[in-house]
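Working notes for the structure below.
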Amino acid sequence: MDIITNIKSLQGMGIFADRGSRSPSLDFRRFNLIYGFNGSGKSTLSRVFASLEAGEPHPKLPRSGSFELTMDDGSVYGCPTNPAGLERRLLVFNADYIERNLQWAAGRANPVFYIGVDQADAAAELTRIEGEIVKAEAKKETAAAAERAAEKTFASFKRERAKSVASRLHLGSRKYEAPALAKDYATWKEDDGSPLTNDEIKVAEDTLRLDEPMPRLDPVVFDGEKIETAYRFVVDVCGQSLAQVALDEVQRHPEMLLWLKQGHEYHERNGIAECLHCGNPISPERRTLLAAALDDSVDQFVARLMTTADRLANLVEMTTQLTSQLPAADDIASEFRADFKETRKAANLEVALLVNQLDTLKAVLNAKRDRPATPADMQGVAAEEEVFATTKRLVANVATINKAITAHNEAVADFARRKEMAEASIRRHFIVDCRADYAKTAEDLEVAISNLKKETDALAALREAARDLRQRVRTHGPAASVINKLIAAYLGHAELTINPVDEGYELHRHGTPIDGSPSEGEKTAIAISYFLSSIEADNRKLKEVIVVVDDPVSSLDTKALNFACSLVRTRLERAAQVFILTHNLQCMNEFRKAWKGKVRPAEGKARTATFLFIDVTIPEGQNRRSSTIVEMSKLLREYDSEYHFLFSHVLRFANQPDIYDDHGYMMPNVIRRVIDVFLAFKAPGGGGLPSQLDKLCSDYPDLDRERLAALERLTQVESHSDNIDDLLSFSTMTLEETRGAASLLFEMMEHVDPKHLARLRTLCR
């Protein structure tokens, strides 16, 4: 079976320093002993394992923290990601387990499940079902992954498509998102119409960009009949001539008509008898002849020519101004603009052509006005059918333009509805354009959801069957007898027992229910026995489980502690993997001695055990303690006492007077413990440190008792510290006092037992 090999990462886990990919591997093996002082983080470490037992982060771990544990097969489990997978294999005994399983106030324990011989058939079936559950879980996870992928694909498709549509709707503060796209798909998924053209999309977008309606437009006025009537009139006038003039000169020289008339009228008006041109007298007969030939009809004809010229000029001006009356294309609602541009362009061409055609009449009429008696030359005049055809085309163009203006004005009046229709047309366009892809991704998701439901239902059915089978193999009796045997072996007596009842177990002392809570040692005995008996419950196999035990001994005397450690060790000998976490030096020594051969096996055999130490420091520049899991010091690994290990800390502290020591916070207590052990051998007996120093000075008169009195301050400051693992806070001793005490300690040891000191120094190299 695969086992845990390392804590790959550890972030934000209370007192523990962060671990990452560059941190040294802890090299967990089958048997693992982790020793650390009180407050070093063992409970936190046990809760890391308990998180994987529960398949979710432990509620007492920091919420923002995370961790990852690696297995020897390369798989990784951790929190908050991938916490599930070891629930059936990993079991943790710690203070949380005791609190969760034993109700001391009620004198009850939660039920323990134990498989009896008579349930063998059910157990075999349970084993088969559990194998099917593993396969079903894998299928469900595969189906769940497929469902998540399909859901992500569908959500991404809707989100991106909605974003594309929204960019064309110009909605301002309003939003168009995936839910709106889904609603539109439901509306138009059966629409068999065609999508919009690019021009139609642009028209709709132009409408949506408007914040208010465009101005209304006045229709264009153009009377084509006036053109036709005026053309005929001008042609008719140009083709007319004066009646026969009774003057040979005019008949021979018609251009001279106006000259003769003007000359005659001037001579008559001014009473001039002789011709101003030739000087000859003008006879009465000649005067009478001129008066008769040049009567008022000439004036009337000339006046008619002048009026006709003005009329023609006005007509040309009216036609020319038509161009400026036509609205610009940008003034027309966008949906009518394309056709309007073409019609407006055609109308302008027809206006230019008609003006040119009318200008041909203008030239002929000017010549006729200068020579009224001379027949007009009509060869350069535009033909009537051409003028009339141009006029009809222009009339048709103006009618089309006015139709567009009418439609524009109607659109202006219905501006709000037009915007709604434009928006709807764009939304419909994109649904029609993408509905095949939409339907495909939606179908893929439905298939994935259906498949996940099928696999989930299948897994639920298997789990229900497994629950029924476990219920069939539960029995209190055999489990109670096993627990009671374990308790007796653990405590060394059979006074305390548990008695099975309907809801769990009752605690008995000497065969009767207890009135109060058991002692701390008895609590630990019951809890660890309860735990050990439950390892193989629910059809678990010891050889497959990973067991974590945090401080299996508490308030036990030396004999009971030895029994307890031996019991735990032997019961877990066949487990797939074991972790023992303890702050108790004697407990650590029991497991250390038993597993020493597994750490340093005979040549040719594989190492199967790892000894680790939780080192607590205060890094320079910080005021909080920080724990790091390191390889256990040889001074702890090779000796039963902490003395050598603590001495090494004092030695390092004293040898580096100018360097910050991140263990400095605990040095007063460490020095106190070293002094206690040293004096216990060199000045045995009671009376405390002052009495022991007196005895030592009596045996070694050269010692300066007054200087050694400085060590007595350690007694006053560290009197509460009976053990190194009691240290949880800073000492009140200053750094200078501590270094002085360390130097004085070495001076005293050098004087009393220099060989002992030298050997200690050698061991600490």
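Values computed for the structure shown
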item	result
Considering residues of the range 323-354 that are basic (K, R) and under 19 Å from P215 (Cβ atoms) only, the residue modelled with the lowest pLDDT	R337
Members of the range 692-712 that are part of a loop (DSSP other than H, G, I, E, B) and either within 60 Å of the chain's Cα centre (by Cα) or loosely packed, with under 12 Cβ neighbours inside 10 Å (or both)	P701, D702
Matching option when the condition is modelled with pLDDT under 80 and surrounded by 12 or more Cβ atoms within 10 Å (Cβ to Cβ), among E205, E228	E205
Pick from the range 310-346, criterion more than 60 Å from the chain's Cα centre (by Cα) and surrounded by 14 or more Cβ atoms within 10 Å (Cβ to Cβ), ranking: nearest to E200 (Cα to Cα)	L322
Residue match in the range 564-577 (condition: under 29 Å from E750 (Cα atoms), surrounded by fewer than 19 Cβ atoms within 10 Å (Cβ to Cβ) and under 51 Å from the mean Cα position of the chain (by Cα))	no
Breaking point among (1) in contact with a helix residue (DSSP H, G or I) (Cβ under 9 Å, 6 or more places away or on another chain); (2) in a strand (DSSP E or B); (3) of a type in the set (G, A, S), for S9	(1)
Test result for N366, closer than 14 Å to A230 by Cβ, loosely packed, with under 14 Cβ neighbours inside 10 Å and among the polar types (S, T, N, Q)	no
Given (1) surrounded by 13 or more Cβ atoms within 10 Å (Cβ to Cβ); (2) at pLDDT 90 or above; (3) farther than 11 Å from L33 by Cα; (4) more than 44 Å from the chain's Cα centre (by Cα), number of the condition F591 does not satisfy	(3)
Search result, residues across the range 329-357 that are free of Cβ contacts under 8 Å to residues at least 24 places away in the same chain and among the hydroxyl-bearing types (S, T, Y)	none
Flag if L636 is closer than 19 Å to L45 by Cβ, more than 46 Å from the chain's Cα centre (by Cα) and either at pLDDT below 90 or surrounded by 17 or more Cβ atoms within 10 Å (Cβ to Cβ) (or both)	yes
Qualifying position, being closer than 28 Å to E590 by Cβ and over 51 Å from the mean Cα position of the chain (by Cα), among H644, H663, H649	H644
Residues (over 36 Å from the mean Cα position of the chain (by Cα), more than 28 Å from E573 (Cα to Cα) and assigned to a strand (DSSP E or B)) located in the range 609-627	V616, T617
Filtered residue count, the range 61-91, keeping only those that are over 19 Å from I133 (Cβ atoms), hydrophobic (A, V, I, L, M, F, W, C) and surrounded by fewer than 15 Cβ atoms within 10 Å (Cβ to Cβ)	1
Residues within the range 653-677 that are more than 23 Å from S691 (Cβ to Cβ), outside any loop (DSSP other than H, G, I, E, B) and free of Cβ contacts under 8 Å to residues at least 60 places away in the same chain, tallied	1
Count - residues of the range 14-29 that are of a type in the set (D, E, K, R) and touching a Lys or Arg at 6+ places or on another chain (Cβ under 8 Å)	2
Meets criteria (modelled with pLDDT of 95 or more and over 28 Å from C587 (Cβ atoms)) for E56	no
Check on G107, at pLDDT below 80, among the small types (G, A, S) and crowded, with 18+ Cβ neighbours inside 10 Å	yes
Those residues of the range 519-556 which are buried (at least 18 other Cβ atoms within 10 Å of the Cβ) and outside any helix (DSSP H, G or I), in sequence order	V545, I546, V547, V548, V549, D550, D551, P552, V553, S554, L556
Lone qualifier among L52, L45 - being in the same structural domain as V616 (by TED's automatic domain parsing), touching a residue at least 40 places away in the same chain (Cβ under 8 Å) and either outside any loop (DSSP other than H, G, I, E, B) or not aromatic (F, W, Y) (or both)	L45
Test: residue in the range 553-561 that is at pLDDT below 90, of a type in the set (S, T, Y) and within 19 Å of G39 (Cβ to Cβ)	yes
Identity of the residue in the range 413-433, acidic (D, E) and part of a helix (DSSP H, G or I), that ends up nearest to E200 (Cα to Cα)	E423
Positions within the range 493-537 being among the charged types (D, E, K, R), under 49 Å from the mean Cα position of the chain (by Cα) and modelled with pLDDT under 75, in sequence order	E503
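Let's see how each residue does on (1) more than 30 Å from L196 (Cα to Cα); (2) crowded, with 18+ Cβ neighbours inside 10 Å:
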residue: V387; (1), (2): yes, yes
residue: N402; (1), (2): no, no
residue: R418; (1), (2): no, yes
residue: D437; (1), (2): no, no
residue: A458; (1), (2): yes, no
residue: L462; (1), (2): yes, yes
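The values are calculated or read from the model by the stated rules, or taken from the named source; none is laboratory data. Just so it is clear, the structure is predicted and the values come from calculations on it, not from any experiment. Reconstructed Cβ throughout: ideal geometry from the backbone, glycine too, with neighbour counts over all protein chains shown.
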